[in-house]
């Protein structure tokens, strides 16, 4: 027999297709018989704003002095039909997140942080809490398919109304809030039995399609005396058509949420496989507004994976008027803090990966209704951290705008951008860096 | 805030909808008659005081939407979402209503003397609805609280994914939706039904109805229930 003991052997090789995560999911599914549910947005690598760079000043672009020359950041949202549009100091808003998904302390902290920076925060599925209203200078009231906690008094108390068609994390999916988070207070606000696994409808109960939506917006305007700006929020599915239809229906503001946008809880398979990346959605939404001659007349808010001032600046340069942050705001409050590593380990995870927001055992006291855990979050201190973070993002945004010669961040434009990958060039509609090539448009076409 | 005492005519042939609604929304009491509605949408919505409003003719979508305390009567038919998200008060339609009548309503009484289309009482959250005729499919879908009384028949998938809403149907039910079952009529149910029928001005005996509600088997996700979805 041949002796193979001295024969060189290849090292063990794991499959790229059946990687460790995939194998673990197959084993989990086999053991439980039910799909995986988690919070957050898409975790996979996607084309994103990192794949774009600013060109900066040159002979043809005159830079502004960083510490001397003013660079404005304020924004008006909703002046198409509303008699009282929102005037925000910065174009970075807080996205809709519910009391129920988040603790009352977390909601209050979001309001405090946003108000300190002169920007808005947003309610979520389940209605408006007094803590949130009280601490929010500008509060956007979400109008969702479930209509949990929906009432005309709160509608009139709001500064703007956001009709939610869908979310980037799950366009076409309803919500869910598992029983451990349906406490007496949450259940009372939603008219549900305590402890049930709450389902939220994926479609509105009393309108179907853009023609109905137009009438629905008229009703909301009639109830609020045509004062409140009305946003329409769409998950990034078909952003060109959905933006156009929102404009047709009479929206003051369109919110486009890419697949990196977070959710309190939904199926992992939904989060990772439905919808398109934020980068791909922005250009399509802007194109729809331009085709209708409504760009800058109906404002565009972009959300889904916004992390720093560069992301904000790039979204604005592509044609958005403002952005919304959710996941990043929670991190600023204290979510996934490495200081809590020991407790994350007990939950079978690690800081930076914790996404079992639906289970209500968040050691940071944010995505929980447990009174003891919730008390860990000091809304004043957490609100201060959020304000700091928003201030840094704004400074970063101004830095990039000045570098491109802009005296107001709204003046950022696609011509300030180049793409680092062919995919990003095609999605964003800006040239591949070092070329004048925009995929799909031919050489020399801008 | 204006106060109007006498019966006031509001004619949509000469006033626009905003003016009509603003008058009704700002009134603290009084009787109002809306003339020439012409199927206008969002009429008499967002009312918040105990006023009486009679709409002389057909109304479009979302008539009396989010009503609080007012008593609104549509002398004709009503479009989609009549009395949607009503909080309190009374809304009466003497004719038929389109789909999603009383959708997500939290309180008050909605009376449809004729028939309603699909999704009557969808996501109802405490409203009481009494329908003199029949209702369409998927009615009381995800109904959370409140009572739905139907003197005629109910379409397919009645009470699908229902929570704690209570359903009373006198006629035939085409089919029950997921987790909706027939339940025994006990004394307390006959009593509340009789009271509802009386308030709605309907001539029917409580003993003629059957009761439906949640089996509560889908209140928690469980793999054994997968076939129900």
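The values are calculated or read from the model by the stated rules, or taken from the named source; none is laboratory data. All figures in this text were calculated on a predicted structure; none of them were measured in a lab. Every residue, glycine among them, receives a Cβ derived from its backbone with ideal geometry; neighbour counts consider all protein chains shown.
In the set B:139, B:117, which member is at pLDDT 95 or above, within 12 Å of chain A (Cβ to nearest Cβ) and farther than 28 Å from residue A:126 by Cβ?
B:117
Which condition number in (1) assigned to a loop (DSSP other than H, G, I, E, B); (2) away from chain B (no Cβ under 14 Å); (3) surrounded by 20 or more Cβ atoms within 10 Å (Cβ to Cβ) is the one that residue A:255 fails?
(1)
Right, residue A:178: touching a strand residue (DSSP E or B) at 6+ places or on another chain (Cβ under 9 Å), within 30 Å of residue B:18 (Cβ to Cβ) and crowded, with 18+ Cβ neighbours inside 10 Å or not?
So residue A:178 fails the test.
Quick one: which residue in B:200, B:165 is under 16 Å from the mean Cα position of the chain (by Cα), under 30 Å from residue A:265 (Cα atoms) and modelled with pLDDT of 95 or more?
Criteria check complete, one pass: B:165.
Look through segment B:167-187, keep the residues that are on the phi < 0 side of the Ramachandran plot and within 14 Å of another protein chain (Cβ to nearest Cβ), and return whichever of them is surrounded by the fewest Cβ atoms within 10 Å (Cβ to Cβ).
Checking each candidate, the answer is B:178.
Could you go through segment A:69-79 and let me know if any residue there is closer than 16 Å to residue A:157 by Cα and not in a loop (DSSP other than H, G, I, E, B).
Narrowing segment A:69-79 to residues closer than 16 Å to residue A:157 by Cα: none.
No, because not a single residue in segment A:69-79 is closer than 16 Å to residue A:157 by Cα and not in a loop (DSSP other than H, G, I, E, B).
For segment A:225-252, give me each residue that is part of a loop (DSSP other than H, G, I, E, B) and surrounded by 23 or more Cβ atoms within 10 Å (Cβ to Cβ). Let's see the steps before the verdict.
Residues of segment A:225-252 that are part of a loop (DSSP other than H, G, I, E, B), as a first pass: A:225-229, A:236-238, A:250-252.
Scanning segment A:225-252 gives A:228, A:229, A:236, A:251, A:252.
Going residue by residue through segment B:36-52, is there one that turns out to be outside any loop (DSSP other than H, G, I, E, B), within 14 Å of chain A (Cβ to nearest Cβ) and either surrounded by 23 or more Cβ atoms within 10 Å (Cβ to Cβ) or touching a helix residue (DSSP H, G or I) at 6+ places or on another chain (Cβ under 6 Å) (or both)? If you could, list the steps in order and put the result at the bottom.
Step one: filter segment B:36-52 for residues outside any loop (DSSP other than H, G, I, E, B), giving B:52.
From what is left, the residues that are within 14 Å of chain A (Cβ to nearest Cβ) are none.
The answer is no, given that none of the residues of segment B:36-52 is outside any loop (DSSP other than H, G, I, E, B), within 14 Å of chain A (Cβ to nearest Cβ) and either surrounded by 23 or more Cβ atoms within 10 Å (Cβ to Cβ) or touching a helix residue (DSSP H, G or I) at 6+ places or on another chain (Cβ under 6 Å) (or both).
Among the candidates A:72, A:78, A:66, which residue alone is surrounded by fewer than 13 Cβ atoms within 10 Å (Cβ to Cβ) and either touching a helix residue (DSSP H, G or I) at 6+ places or on another chain (Cβ under 8 Å) or under 24 Å from residue A:164 (Cα atoms) (or both)?
A:66
Return the only residue of A:275, A:305, A:235 being touching a helix residue (DSSP H, G or I) at 6+ places or on another chain (Cβ under 8 Å) and either within 14 Å of chain B (Cβ to nearest Cβ) or touching a residue at least 60 places away in the same chain (Cβ under 8 Å) (or both).
Values: A:275 fails: touching a helix residue (DSSP H, G or I) at 6+ places or on another chain (Cβ under 8 Å); A:235 fails: touching a helix residue (DSSP H, G or I) at 6+ places or on another chain (Cβ under 8 Å).
Of the residues listed, the single one that is touching a helix residue (DSSP H, G or I) at 6+ places or on another chain (Cβ under 8 Å) and either within 14 Å of chain B (Cβ to nearest Cβ) or touching a residue at least 60 places away in the same chain (Cβ under 8 Å) (or both) is A:305.
Kindly indicate the residue of segment B:53-68 that is surrounded by fewer than 24 Cβ atoms within 10 Å (Cβ to Cβ) and within 25 Å of residue A:217 (Cβ to Cβ) and also farthest from the other protein chains (Cβ to nearest Cβ) among those meeting that condition. Reasoning before the result, please.
Restricting attention to segment B:53-68, the residues satisfying the condition of being surrounded by fewer than 24 Cβ atoms within 10 Å (Cβ to Cβ) are B:54, B:56-58, B:60, B:68.
Those still in the list that are within 25 Å of residue A:217 (Cβ to Cβ) too: B:57-58, B:60, B:68.
On the way: B:57: 18, B:58: 15, B:60: 7, B:68: 6 Å.
Per the stated criteria, the residue is B:57.
From the set of residues in segment A:202-224 that are in contact (Cβ under 8 Å) with a residue 40 or more places away in the chain and assigned to a loop (DSSP other than H, G, I, E, B), which is nearest to the other protein chains (Cβ to nearest Cβ)?
A:205
Just need a number here: residues in segment B:83-110 that are within 14 Å of chain A (Cβ to nearest Cβ) and part of a loop (DSSP other than H, G, I, E, B).
18
Against the conditions (1) surrounded by 12 or more Cβ atoms within 10 Å (Cβ to Cβ); (2) at pLDDT below 95, where does residue A:51 fall short? Just the number, please.
(2)
Might you check whether a residue that is at pLDDT below 95, away from every other protein chain (no Cβ under 14 Å) and in a loop (DSSP other than H, G, I, E, B) occurs anywhere in segment A:142-160?
no
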